[in-house]
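Since the structure comes first, as structure tokens, the remarks are kept for the end.
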Amino acid sequence: MDFAFITEHEMVQKTVRDFAEKEIRPVIGEYDREHKYPHFLLPKMAELGVMGICIPVRYGGAGMDYISLGIVSEALEWADASVRETIAVHLALNAMTVFQWGTEEQKQRLLAPLATGAKVGCFGLTESGAGSDVAALKATARKDGDDYILDGEKMWITLADVADYLLVFAKTDPAKKHRGITAFMLERGMAGLSTGAIEDKMGVWASNTGWIAMNAVRVPARNRIGEEGEGFKVAMSALDNARYTVAAGASGGIRAVMEASLRYSQERETFGKKIAEHQLVQQMLAKMALNYDIATLLWQRVGWLKNQGVRNTRETSQAKWFATEAAWEAASDAVQIHGAYGFSAEYGVERYLRNAKGAAIYEGTTQIHQLLQATYALGWRRDKPLRCELPAYDPEYWQE
Amino acid sequence: MKYLVCVKQAPDTAELPKVKAEEAASGELSIQLVVNPWDEHALESAIQSSEDYGGSVGVITVGGEKAIDALRSGLAMGCAEATLIEDTEADAWGVATLLAAAIEQMGDVDLVFTGQLTVDGNSGMVPIALARKLGWPVLTGVAKIIEVTDDSIVVERVVGEARLTVKTQAPAVLSVIKEIGEPRYPTFIKIRKAARVKIPTLTASDLGVDAPAPVVQMDNYRKPPARDAHVQLFDNASDLVDALLAEKVL
């Protein structure tokens, strides 16, 4: 067993941490306060190779492995969850889904511009009445010659107003419930497609969250991702990928508030000594350090499994559940350690607390993951092979 | 035009306060090592010059096995080739001797770029000693590359408060300051390639020189005294000005 990063992981980590520190950290607080999406970061991240980091070079990506995706997610959320969300949605939910389920023609036509960052992707699964209960979704897709006609609305869609390619899920056969769902790639500009923003969120103010409305949108069959009725499996596999980035990102959030707390607790004095010398403060610092390591080990295990091409739904769910709850606890403790300054926006730790709550809700609530883990433990749930699995990392093929 | 950038693996300045005097004396630092920040500016200016005026860029260092990380950083930024000269004992004069021998052996280097200083040694001697060894002109304090031709370079130098536009014949040695340009981020594709390149390692004997014995001996390492920082409030501006004059701030 070898827990050490290889050279390219170390170099990616240094680069993306530098990027987060110099390009994101100095300005993201202002974008957050003003509820603005930092569009300027997209071309910069594209130039680095972030937008398609784990996609093979032949499809426009950087040709790195899945552990690198985790490293990038961790570093971005250290700066702000909203920036990591962009990668979770654009890459893990959209581009990697085309990589896993798309035809060769779709990989050339749709995946390549996503991986280079020329196009931005989003993921439209959730509806106002269908979140964790995916089978309850109401959007429909009706076959019409060589096209499908899509109707319905999607809610709580990250990058809804930013994305060029919108991967949405609709029922082609409502009677079959979750077996009647099909995935389609919509393109911005299609007649009948509109998007808008949702305001007044608790956190991730620098992220773009919105809705998608489909009013008789005509989508060519060549934009169907996977087979008819395969959409539920497509969506769940996409969530495996995104939950991985959420887990790794949450560990970056823990690191950020831990650093702030370690710094502040060694500056601030009460009762004649640094607050770091008070044992109840030490207890909170110790918990942050422990949870950072556990969260890191959990997401790195998933990255390793992905590299091997091994199904990881159970392990990903554990990583996401643990890391997001630990990030919420760490951020809450960081606010506590900072006292009144933590409650104000001055030190920025309250932003991490607001952001952390969302991650315990999206990509499967904590409760959904607890149910999943129980059914795995009880032996009631076994993952069956998919028609299209996420390809194992193959350095030769990836880099040709 | 062939550019060669001399870099050094140096302590991360953010971690320098953690270094104990004994640790510095032993030369075995347990803190994070990074490319000397000034050298990152040298890498950027050489790579940018090659993009603007043509040519290729190599990167070279003198150090131990860990120094390979600095070379990989240079490759990831855009250098085409890298060379390690293995030596952990050399002082600034020794480093210049080894670099000069390597450059003469390469035979096709037109412009050598270095950072103005290293954050550990702080002597700024290597570019000057290197130029002396090679018998080439040296331009220090370079803030801007104005033009590169097949056999010359025009730069802007900063000397105190003056700015000079200077032209020199190639080959030449340049030491650059941070104003010359922010170093670029390595792209992931270049990182991937840089991480896998086999980097050639040379020794003094490969270069046909005797490993130079240090001419500078460091015999007393100590940390600077902690600054006595405190807050002082003044009732009026006149007292404040007097205090600033007394402290030679004004």
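The values are calculated or read from the model by the stated rules, or taken from the named source; none is laboratory data. The model shown is predicted, which means the values in this text are computed figures rather than measured ones. Every residue, glycine as well, gets a Cβ built from its backbone with ideal geometry; the counts of neighbours run over all protein chains shown.
So which residues in the range B:192-207 are within 14 Å of chain A (Cβ to nearest Cβ), surrounded by fewer than 18 Cβ atoms within 10 Å (Cβ to Cβ) and touching a residue at least 24 places away in the same chain (Cβ under 8 Å)? Working first, answer last.
Here is the first cut: in the range B:192-207, the residues within 14 Å of chain A (Cβ to nearest Cβ) are B:192-199.
Okay, now just the ones that are also surrounded by fewer than 18 Cβ atoms within 10 Å (Cβ to Cβ), so B:193, B:196-199.
Hits for the range B:192-207 are B:K193, B:V197, B:I199.
Looking at the range A:174-223, which of its residues are more than 30 Å from A:R354 (Cα to Cα), modelled with pLDDT under 95 and of a type outside the set (K, R)?
Once the filter is applied, which keeps residues that are more than 30 Å from A:R354 (Cα to Cα), modelled with pLDDT under 95 and of a type outside the set (K, R), the range A:174-223 yields A:P174, A:A175, A:H178.
Among (1) away from chain B (no Cβ under 14 Å); (2) in a helix (DSSP H, G or I); (3) of a type outside the set (A, V, I, L, M, F, W, C), which single condition is A:Y397 missing?
(1)
Those residues that are of a type in the set (A, V, I, L, M) and crowded, with 21+ Cβ neighbours inside 10 Å, I need them from the range A:309-334; list them, please.
Pass one, the range A:309-334, residues of a type in the set (A, V, I, L, M): A:310, A:319, A:323, A:326-327, A:330-331, A:334.
Result: A:A319, A:A323, A:A326, A:A327, A:A330, A:A331, A:A334.
Output the residue which, of all residues in the range B:156-174 that are assigned to a loop (DSSP other than H, G, I, E, B), of a type outside the set (A, V, I, L, M, F, W, C) and within 22 Å of the chain's Cα centre (by Cα), is surrounded by the most Cβ atoms within 10 Å (Cβ to Cβ).
Taking the candidates together, the pick is B:P171.
Looking for something touching a Lys or Arg at 6+ places or on another chain (Cβ under 7 Å), crowded, with 17+ Cβ neighbours inside 10 Å, touching a residue at least 60 places away in the same chain (Cβ under 8 Å) and not hydrophobic (A, V, I, L, M, F, W, C) - is there at least one such residue anywhere in the range A:296-308?
Among the residues of the range A:296-308, not one is touching a Lys or Arg at 6+ places or on another chain (Cβ under 7 Å), crowded, with 17+ Cβ neighbours inside 10 Å, touching a residue at least 60 places away in the same chain (Cβ under 8 Å) and not hydrophobic (A, V, I, L, M, F, W, C), which makes the answer no.
Condition first: over 19 Å from the mean Cα position of the chain (by Cα) and either under 29 Å from A:D383 (Cα atoms) or outside the structural domain of A:L371 (by TED's automatic domain parsing) (or both). Now tell me which residues in the range A:295-346 satisfy that.
Result: A:Q308, A:G309, A:V310.
Of these, A:A323, A:A256, which one is closer than 30 Å to A:P385 by Cα, in contact (Cβ under 8 Å) with a residue 40 or more places away in the chain and assigned to a helix (DSSP H, G or I)?
Result of the check over A:A323, A:A256: A:A323.
Results for (1) assigned by TED's automatic domain parsing to the domain that holds A:V310; (2) surrounded by fewer than 21 Cβ atoms within 10 Å (Cβ to Cβ); (3) under 18 Å from A:R354 (Cα atoms); (4) of a type in the set (D, E), shown as yes or no for each residue.
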| position | (1), (2), (3), (4) |
| --- | --- |
| A:H39 | no, yes, no, no |
| A:M45 | no, no, no, no |
| A:M64 | no, no, no, no |
| A:A79 | no, no, yes, no |
| A:I87 | no, no, no, no |
| A:H90 | no, no, no, no |
| A:A95 | no, no, no, no |
| A:F99 | no, no, no, no |
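Based on this model, can you work out whether B:S152 counts as at pLDDT 95 or above and small (G, A, S)?
Working: at pLDDT 95 or above: yes; small (G, A, S): yes.
Criteria met by B:S152.
Scan B:I177, B:I145, B:I153, B:I189 and give me the residue that is within 14 Å of chain A (Cβ to nearest Cβ) and buried (at least 16 other Cβ atoms within 10 Å of the Cβ).
None of the other options fit; the residue is B:I189.
Among the numbered criteria (1) under 29 Å from A:G253 (Cα atoms); (2) without any contact (Cβ under 8 Å) to a residue 40 or more places away in the chain, which single criterion is violated by A:A191?
A:A191 satisfies all of (1) under 29 Å from A:G253 (Cα atoms); (2) without any contact (Cβ under 8 Å) to a residue 40 or more places away in the chain except (1).
Restricting attention to the range A:1-15, and to residues there that are of a type in the set (A, V, I, L, M, F, W, C) and over 23 Å from the mean Cα position of the chain (by Cα), which single residue is farthest from the other protein chains (Cβ to nearest Cβ)? Don't jump to the end; show me each part of the working.
Applying the first criterion (of a type in the set (A, V, I, L, M, F, W, C)) to the range A:1-15 yields A:1, A:3-6, A:11-12.
Add one more test, that the residue is over 23 Å from the mean Cα position of the chain (by Cα), and what stays is A:1, A:3-4, A:6.
Working: A:M1: 22, A:F3: 18, A:A4: 14, A:I6: 7 Å.
Taking the candidates together, the pick is A:M1.
Please find, within the range A:35-61, the residue that is nearest to A:A256 (Cα to Cα) out of those that are within 9 Å of another protein chain (Cβ to nearest Cβ) and among the hydrophobic types (A, V, I, L, M, F, W, C).
A:V50
Tell me the helices (runs of 4 or more DSSP H) entirely within the range B:37-144 that contain at least 1 residues that are more than 16 Å from the chain's Cα centre (by Cα) and closer than 15 Å to B:M1 by Cα.
So the answer is B:37-53, B:92-106.
Does the range A:326-352 hold any residues that are acidic (D, E) and outside any helix (DSSP H, G or I), and which are they?
The one that is acidic (D, E) and outside any helix (DSSP H, G or I): A:E346.
Among the helices (runs of 4 or more DSSP H) contained in the range A:22-120, which hold 2 or more residues that are among the β-branched types (V, I, T)?
A:25-33, A:66-79, A:81-87, A:96-101
Any idea which of (1) charged (D, E, K, R); (2) within 24 Å of B:P200 (Cα to Cα); (3) surrounded by fewer than 21 Cβ atoms within 10 Å (Cβ to Cβ) is the one B:K18 doesn't satisfy?
(2)
Tell me the residue from A:D65, A:D32, A:D18 that is within 19 Å of the chain's Cα centre (by Cα), at the interface with chain B (Cβ under 10 Å from one of its Cβ atoms) and of a type outside the set (A, V, I, L, M, F, W, C), please.
Values: A:D32 fails: at the interface with chain B (Cβ under 10 Å from one of its Cβ atoms); A:D18 fails: within 19 Å of the chain's Cα centre (by Cα).
Among A:D65, A:D32, A:D18, only A:D65 is within 19 Å of the chain's Cα centre (by Cα), at the interface with chain B (Cβ under 10 Å from one of its Cβ atoms) and of a type outside the set (A, V, I, L, M, F, W, C).
For the range B:228-244, state whether one or more residues are at negative phi, in contact (Cβ under 8 Å) with a residue 24 or more places away in the chain and not aromatic (F, W, Y).
No.
Can you tell me how many residues within the range B:214-241 are of a type in the set (V, I, T) and under 20 Å from B:V19 (Cβ atoms)?
So the count comes out to 1.
What is the residue count in the range A:167-215 for residues that are within 22 Å of the chain's Cα centre (by Cα) and part of a loop (DSSP other than H, G, I, E, B)?
Qualifying residue count for the region: 12.
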